[in-house]
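**Student:** Quick one: structure below, then a few questions.
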Amino acid sequence: QVQLVESGGGLVQAGGSLRLSCAASGSIFSINIMGWYRQAPGKQRELVATITKSGSTNYVDSVKGRFTISRDNAKNTVYLQMNSLNPEDAAVYYCNADQVRGPFGYASGFWGQGTQVTVSS
């Protein structure tokens, strides 16, 4: 139906940067909301950032000023530029797509498999 493929995770030192990418594929006409979530061991999954098709963004307070979410609507791809990383940012990061239109109609709750971000101190 809809598949999300992530890339860009890895190991960086504190203060470093990573850029995550997530490409949606399948029978997709449009995606209104794309976003990134993260989950650290023993913690709940939390929303990191979202972006609408029109470009409106929201961020969790802890990443404001350091992370930037963007998207390429023509490619159904969302990015997360992460700067000034610290050990508290270490987690599995998940790509999400909501309010997706396709031949099935409208649906939400599509997820990528997750990509590991490790930050050394």
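The values are calculated or read from the model by the stated rules, or taken from the named source; none is laboratory data. Computed from a prediction, not measured in an experiment: that's the story for all the values here. Cβ coordinates were reconstructed from backbone atoms using ideal geometry, including for glycine residues, and neighbour counts include every protein chain displayed. Heavy atoms of the whole protein, side chains included, go into the accessibility calculation; ligands, DNA and RNA do not. Shrake-Rupley method; radii C 1.70, N 1.55, O 1.52, S 1.80 Å.
**Student:** Among the residues of the range 56-114, what is the count of those that are crowded, with 19+ Cβ neighbours inside 10 Å, closer than 13 Å to residue 35 by Cα and of a type outside the set (Ser, Thr, Tyr)?
**Tutor:** Of the residues in the range 56-114, 12 are crowded, with 19+ Cβ neighbours inside 10 Å, closer than 13 Å to residue 35 by Cα and of a type outside the set (Ser, Thr, Tyr).
**Student:** Given the criteria small (Gly, Ala, Ser), closer than 22 Å to residue 59 by Cβ, in contact (Cβ under 8 Å) with a residue 60 or more places away in the chain and in a strand (DSSP E or B), does residue 35 qualify?
**Tutor:** For residue 35, the condition - small (Gly, Ala, Ser), closer than 22 Å to residue 59 by Cβ, in contact (Cβ under 8 Å) with a residue 60 or more places away in the chain and in a strand (DSSP E or B) - is met.
**Student:** Run down 68, 77, 115 and say which single residue is among the hydroxyl-bearing types (Ser, Thr, Tyr), modelled with pLDDT of 95 or more and more than 22 Å from residue 16 (Cα to Cα).
**Tutor:** 77
**Student:** Further question: Among the residues of the range 45-55, write down those that are open to solvent by 60 Å² or more (accessible area, probe 1.4 Å) and within 16 Å of residue 99 (Cβ to Cβ).
**Tutor:** Once the filter is applied, which keeps residues that are open to solvent by 60 Å² or more (accessible area, probe 1.4 Å) and within 16 Å of residue 99 (Cβ to Cβ), the range 45-55 yields 47, 53, 54.
**Student:** To continue, here is another question. For the range 8-44, which positions are loosely packed, with under 13 Cβ neighbours inside 10 Å and either acidic (Asp, Glu) or closer than 30 Å to residue 104 by Cβ (or both)?
**Tutor:** Hits for the range 8-44 are 25, 27, 29, 30, 44.
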